[in-house]
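Heads up: the structure comes next, in structure tokens.
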Amino acid sequence: MELGASVVENLCLAGDTAHIPDKCFDQLARKACRGVLSETDRNAIADDPSFKAVDKAVLKAAYSGVVALVLEAVKHDADANGISHFLEECKFTPDRIQSFNNIFLTQKPSMQILLGSVGSCRPHIVDVDWRLDYYIKSNHMERINEAVYLISLKTEVPGQTELQEVQFSCSLEQLQDLVGKLKDATKCLEKQAQS
Amino acid sequence: MLLVLEDSHKKHLAFLSQVDVDVVREFCRISMEFIRKGSNPKVYQSAAQKLGVEAQTVQHGVEGMMYLLSESSKLMLSEIDFQDSIITLGFSEELCSLLLELYLANRNEIRAILSHMSMDLPHYHSLQWRFDVQIASRSLHHQTTPQVLLKLETKDGETMDTHLLQTDPVNLLHLTQVLDAALQEMKSPYCRRIARNIK
């Protein structure tokens, strides 16, 4: 886990008892984790009354350092030892290291899920609707008498709030083909999961 | 169900009884070509010269035959209905049985051509799937996220569309179960009754 020189400087500021008193540090660590998880709370620290005694520029630098640390630690799946080792080099007191680890490690799984979902992906199928019609006749032909399925796949597309639909029709044989292939895929997955 | 022919149609088809059986067979072949590819006036001219009649008579005869064959195929007339429909034309028995034979031989092809003309929704063509495990991304280095990639090809008339979609194992299972239930629905007593009774 490596962080740039300016980030390390900011972290040292956050660990310095002269600039950030002990009782503020816990709150700082909590706010940093909260800011990563929730978009609305990202700047909540600016109006927080518990940091009234702290100089604004120092607070901003310390906050950015702690957030950068949190993100890197989640990205590299760092454990308590790794973080402790890193923070010792930033001249954190053992108490602060301990309280940071306590706060961070409880939030780590949620942050991992959040970071895992960052990135582009194809439309993700979440649901399927179907409809069975009986095709009797059209203006070109009569006595057709075939079953027609209308399938609608509901997909989540990154960047859009509404579900997008992929619609197509299937005859009975085509649907049997489709279901056969999906069952193959499911069997393969189950085999992989068991082995 | 009987095919009702108007007087003008009957007049056009009356020409067929004046020529040989082989000529009628040839006319049927020409009609089928025209149904497949569209009409070609030059053929009328050459046929008219060979038979010693006007080009327009030949044209009406062929067009009458095309209409007879395509309407009968569209309505999917049974043999008996077809024979009853052409009785009103007053053809010889040999000609009637020839027309019946030509109708039965060509009706599936004509129905296939007609179905291409009908409205079609984009329909399923093929599905390919692939199972991946995402082990890292720029934002998160240690991952094991299973993903199933699907390539769905749908055909709309002549154009083929490809949809690249993905899903996870849970949704794949859900998808399979729902579509399997849809398939079983066709075998239910209710659907079978409908299929039996609508003919």
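The values are calculated or read from the model by the stated rules, or taken from the named source; none is laboratory data. This structure is a prediction, so every number in the text was calculated from the model and none was measured. Cβ: placed from backbone, ideal geometry, glycine included. Neighbour counts: every protein chain shown.
So the values come out like this:
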| quantity | calculated |
| --- | --- |
| Failed item, numbered, when residue B:170 is tested on (1) farther than 16 Å from residue A:185 by Cα; (2) not assigned by TED's automatic domain parsing to the domain that holds residue B:38 | (1) |
| The stretch A:83-140, residues that are facing chain B (nearest Cβ under 10 Å) and in contact (Cβ under 8 Å) with a residue 60 or more places away in the chain | A:111, A:114 |
| Residues located in the stretch B:96-122, provided they are among the aliphatic types (A, V, I, L, M), farther than 22 Å from residue A:177 by Cβ, at the interface with chain A (Cβ under 7 Å from one of its Cβ atoms) and touching a residue at least 24 places away in the same chain (Cβ under 8 Å) | B:114 |
| The stretch B:123-176, subset more than 9 Å from chain A (Cβ to nearest Cβ) and without any contact (Cβ under 8 Å) to a residue 12 or more places away in the chain, residue farthest from residue A:2 (Cα to Cα) | B:158 |
| Residue selected from the stretch A:141-154 under the condition touching a strand residue (DSSP E or B) at 6+ places or on another chain (Cβ under 8 Å) and not in a strand (DSSP E or B), by the criterion farthest from the other protein chains (Cβ to nearest Cβ) | A:144 |
| Selection count, the stretch A:158-173, where residues are within 22 Å of residue B:173 (Cβ to Cβ) and touching a residue at least 24 places away in the same chain (Cβ under 8 Å) | 3 |
| So residue A:61, is it part of a helix (DSSP H, G or I) and under 26 Å from residue A:114 (Cα atoms) | yes |
| Selection from the stretch A:155-195 of residues that are among the charged types (D, E, K, R), within 7 Å of another protein chain (Cβ to nearest Cβ) and under 23 Å from residue B:156 (Cα atoms) | A:181 |
| From A:113, A:45, A:83, A:103, residue being hydrophobic (A, V, I, L, M, F, W, C), surrounded by fewer than 14 Cβ atoms within 10 Å (Cβ to Cβ) and within 24 Å of the chain's Cα centre (by Cα) | A:113 |
| Failed condition for residue B:90, given (1) assigned by TED's automatic domain parsing to the domain that holds residue B:37; (2) surrounded by 15 or more Cβ atoms within 10 Å (Cβ to Cβ); (3) not in a helix (DSSP H, G or I) | (2) |
| Yes/no for residue B:183 being surrounded by 15 or more Cβ atoms within 10 Å (Cβ to Cβ) and either touching a Lys or Arg at 6+ places or on another chain (Cβ under 9 Å) or at positive phi (or both) | no |
| Sole exception among (1) assigned to a helix (DSSP H, G or I); (2) loosely packed, with under 14 Cβ neighbours inside 10 Å; (3) of a type in the set (S, T, N, Q) for residue A:120, by number | (1) |
| Those residues of the stretch A:151-178 which are of a type in the set (A, V, I, L, M, F, W, C) and buried (at least 20 other Cβ atoms within 10 Å of the Cβ), in sequence order | A:151, A:153, A:168, A:170, A:175, A:178 |
| Residue A:29 vs. criteria surrounded by 15 or more Cβ atoms within 10 Å (Cβ to Cβ) and either at pLDDT 85 or above or not in a helix (DSSP H, G or I) (or both) | yes |
